[in-house]
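Asker: First the structure, then my questions, so here it is.
The values are calculated or read from the model by the stated rules, or taken from the named source; none is laboratory data. Since this is a predicted model, take the numbers as computed values, not measurements. Counting neighbours? That spans all protein chains shown, and the Cβs are built from the backbone with ideal geometry, glycine included. These accessible areas exclude ligands, DNA and RNA; they are computed on the full protein's heavy atoms, side chains included. Shrake-Rupley method; radii C 1.70, N 1.55, O 1.52, S 1.80 Å.
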Amino acid sequence: MNVADDPKIFIGLTSQEAAKRLTEGGHNAMADVTTHPVQRALGKLWAPVPWMLEAAILLQLILGDYVEAGVVALLLVFNAGLGFIQEGRAQATLDALRSRLALVAAVRRDGAWMTVPADTLVPGDLVKLSLGSVVAADVRLATGSVLLDQSMLTGESLPIEAGSGADACAGALVRRGEAVGEVTATGERTKFGRTAELVRSAKVESSQQQAILRVVRNLALFNGGVTVLLTVYAVSIRLPFSEIAPLVLVAVLSSIPVALPSMFTLAAAVGARALGRVGVLPTRLSAVDEAGGIDVLCCDKTGTLTRNELAVMSVRAMPGFDNGHVLALAALASSEGGQDPVDAAIRAEAARHPVSDGPSLVDFTAFDPTLKRAEASIRLADGTAGRVIKGAFTVVQSLSQSLAAASVLVDELQAKGYRVLAISTGSATALRLAGLIALSDPPREDSADLVKELDALGVRTVMVTGDAEVTAKVVAGSIGITGDSWAQTPLPDALQADKYSLFAGVLPEDKYRLVKALQNEGHLVGMCGDGANDAPALRQAQMGIAVSTATDVAKSSAGIVLTEPGLAGVVAAVKVGRATFQRILTYTLRTIIHKTVQVLFLTFGLILTGQAILTPMLMVMMMVLGDFLAMSSSTDNVRPSDRPSVWKIGHLTVAGVLLGLIDLLFCIASLSAGRFLLMLDNPSLRTLTVVTLVFSGQAVFYVARERKHLWSSRPGRWLVLSSVIDLAIVWVLASNGILMAALPVTIVGGLFAAAIVFAFLLDTVKVILFDRFQIG
């Protein structure tokens, strides 16, 4: 009889009571927390670099330099626009979580069954679960039985049999059977809803953001102090306010790493394009360079390291039978075309090992959760009628003649984490054990190679699963993950996570807490998963990776999505991430050196000439030409490190300042030669200052791009082209007196030759400093 028509089923809620509970408890849905685009856009203008640009714009407007203010405003908008375009992924995650839930549900109200929108369910409702439906809320079953696939929620690879008194989680898929149950929780109070809340709250500040903030902080402190001294000196020599204000403006402009955030974004976009060619899709650009820094990769087992599909791992035939006939018998006692993964795996394996004299099916009785077995009536090749039973070993053993050795075999197979089924056959009254079939969710073919390659790159792989410890250990051992395991939940706050290589029996919130624990221990963490249960951890990790078979929930939570089967994309992401890091490191070092030199050079120029050696217009021109053309390093040829990339901003700043002081000596020598040897007037000295800073800046650029000697690798063609453009523009402007006083070509050419010699001298010092501070 259909359980939905069982007269013992309660009448359910009345429509009036359901409406009352809906008003009190809210809809069976997750709250919408969409951030308005305008609010997100304004947020991009509220950060250290935008603050400095905004201050410069305000000062220029006060001084009446409207053109210069407009150019700086364009730079501000450019930076903000690049960041704004790449954001907004959290809402997509929540949308995907909602789409996973059922849209309608069968509910009993006022004594009758009806179909209602799933978001109107309330605690206490009686709902019907049937084949192929998605459970719409957390439900406690009252009658009937169902086979529930909860792998996307719990990580358990095997579906579970659920009968009276069992709990079914919202989002689970009904693979077989029919049942009626009472709704126990709705919306964000469900297990699925708590996962969504974790996704919404998950947030980690990227190492990229931290690096930008620390670079800006260091430059602001150093250059701010120098600017104060510069202003004090200008006042002490009684420089008119009309000259002090532009001088301070030039000092502020020279201190701003205007294109640094844009460079991070552009370099990551170039890396994303390279990953796209190998089937890896970054959904957050920050994940590209973060991939280069991860030193721990947490991998979900089911569907990530394994195929998330049951397969026959072993067949043990009893005396008088062979493996082919055991599979043939088991296939006859398995449903054809249904959604039971056990039956599908057995029939697929039997098809790969056909027997010529196999029996034929007469009648099939589907699996009965109460009896824990399926049964088939068969006809043997000689025309004799027979019977086949397939089920749990203890059940089949009680109905059959079996050998004592069979129990030993069962224990041996179960110790490997396999699910073991027994097959017996014979006449209606005399059955004997034909064999055992062991099933499991096997590892992907490339999982072992992934673990091995990551280990060579300095990345430790940790398995995280909701599955049992025994099963997890077998899979871990087969793919090369060794070490201690943890199998208790919830994870304690004081857990020393980096001592373990395997976490079994964990809940979604445990995966999330594990990632945070590793991050608190100083690790940069990657998380690889495929299901809704992985979503919070994928969002929290510096690099969240969703495999190609992942749900929409996991894909929209992750920073990187693998679009092709297999895990090769994980290694590709790490290597491209490290190459991206090297490009960003080049630009960051160049920024530290150049910004340090410019403000110090302004101070020396004031002391030497008694006037500002740069105007705001010339400073803005150099910002546009130098800072933005230098972003061509985002495509430079680099050598990725064989170890995780780590930002050492302290060491980088010290090395940058020391190299900057040497660069400063070159600039001082150039200006002094122009003043005392060439006897240039102040307008010509301003031109000489521009040419010196641009030429020395290019020398610094080529020195900074290589961790070894500058001739150790060939620069990228776009980098070379940008250098040619920068040098040519300044050469033409200076030689022809455009926007500045004219300088003889001989002076410009001589300075260019001097810059080349300077580059090789600076390179020698750089190699020593990089080795001392372990930069690379």
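Asker: Give me the number: length gained by fully extending Thr429 to Thr370, i.e. 0.36 nm times residue separation minus the C-alpha to C-alpha distance, one decimal in nm.
Answerer: Taking 0.36 nm per residue and subtracting the Cα distance, the gain is 19.1 nm.
Asker: Right, something else. Looking at segment 681-776, which chymotrypsin sites (Phe, Trp or Tyr not before Pro) are in a loop (DSSP not H, G, I, E or B) and have at most 13 other Cβ atoms within 10 Å?
Answerer: Sparse-neighbourhood loop chymotrypsin sites (Phe, Trp or Tyr not before Pro): Trp711.
Asker: Run the helix sum for the chain: -39,500 (n - 2.57) per DSSP H stretch of 4+ residues, divided by residue count, reported at 222 nm to the nearest 500 deg cm²/dmol.
Answerer: -16000 deg cm²/dmol
Asker: Within segment 494-592, how many Lys pairs that are eight or more residues apart, or on different chains, come under 22 Å at the alpha-carbon?
Answerer: Lysine pairs meeting the criterion: 5.
Asker: Mind pulling the angle between the C-alpha long axis of helix 207-236 and the longest principal axis of the chain? Nearest 10 degrees, somewhere in 0 to 90.
Answerer: 20 degrees
Asker: In addition: Does segment 436-476 come out rounded, prolate or oblate, given a ≥ b ≥ c as the square roots of the eigenvalues of its C-alpha gyration tensor, rounded meaning a/c under 1.5 and, failing that, prolate meaning a/b above b/c?
Answerer: Oblate shape, in that a/c is at least 1.5 and b/c is the bigger or equal ratio.
Asker: Leaving out ligands and nucleic acids, and using a 1.4 Å probe, what accessible area per residue does segment 104-183 come to in Å²?
Answerer: Accessible area per residue, segment 104-183: 32 Å².
Asker: What full-extension length gain, to one decimal in nm, is calculated for Ser672 and Val624 as 0.36 nm per residue of separation minus the Cα-Cα distance?
Answerer: Computed gain between Ser672 and Val624 is 14.6 nm.
Asker: Which lysines, if any, have their Cα less than 19 Å from the Cα of Lys416, not counting same-chain residues under 8 positions apart?
Answerer: Straight-distance partners of Lys416: Lys301, Lys473.
Asker: Same structure, new question: Among the lysines, which fall within straight-line cross-link reach of Lys20, defined as a Cα-Cα distance under 29 Å, with same-chain neighbours fewer than 8 residues apart omitted?
Answerer: Partners found: Lys8, Lys128, Lys191.
Asker: Kindly express, to the nearest 10 degrees and within the range 0 to 90, the angle between helix 404-414's C-alpha long axis and the longest C-alpha principal axis of the chain.
Answerer: 20 degrees
Asker: Let me ask you something else. What order, most packed first, do the peptides 618-630, 293-305, 242-254 have when packing is the mean number of other Cβ atoms within 10 Å of each residue?
Answerer: Going by the mean number of other Cβ atoms within 10 Å, highest first, we get 293-305, 618-630, 242-254.
Asker: Next question. Against the longest alpha carbon principal axis of the chain, how many degrees, from 0 to 90 and to the nearest 10, is the axis of helix 241-255 turned?
Answerer: Value to nearest ten degrees: 40.
Asker: Next up: In nm, to one decimal, how far is the modelled label at Ala415 from the one at Thr23, with both set 7 Å along Cα→Cβ?
Answerer: 6.4 nm
Asker: Relative contact order for the chain: what is it in percent, counting Cα pairs under 8 Å that are at least 6 residues apart?
Answerer: Averaging sequence separation for qualifying contacts and normalising by length gives 13 percent for the chain.
Asker: Using a 1.4 Å probe over the heavy atoms of the protein chains, calculate the carbon and sulfur portion of the accessible area of the chain as a whole percent.
Answerer: 60 percent
Asker: I'd like the trypsin sites (Lys or Arg not before Pro) in segment 336-418 restricted to DSSP loop residues with at most 14 other Cβ atoms within 10 Å, sorted by number.
Answerer: Answer by residue number: Lys372.
Asker: If you don't mind, there's one more thing I want to ask. With every protein chain kept in place and ligands, DNA and RNA left out, what is the accessible area per residue of segment 366-479? Probe 1.4 Å, answer in Å².
Answerer: Per residue, segment 366-479 has 43 Å² of solvent-accessible surface.
Asker: Find which of Ala374, Leu305, Ala18 sits farthest along the positive direction of the dipole of the chain, computed with +1 on the beta-carbon of Lys and Arg, -1 on that of Asp and Glu, about the Cα centre.
Answerer: Positive-most Cα among the choices belongs to Leu305.
Asker: Assuming 0.36 nm per residue, please report the length gained on full extension of the stretch Glu564 to Ala728 beyond their Cα-Cα distance.
Answerer: My answer for the length gained is 54.5 nm.
Asker: Sticking with this one: So which aspartates and glutamates can Lys708 reach, going by Cα to Cα under 16 Å and dropping same-chain residues fewer than 8 places off?
Answerer: Within reach: Asp636, Asp642, Asp763, Asp771.
Asker: At 1.4 Å probe size, with every protein chain present, just tell me what the per residue accessible area of segment 592-679 comes to in Å².
Answerer: Accessible area per residue, segment 592-679: 35 Å².
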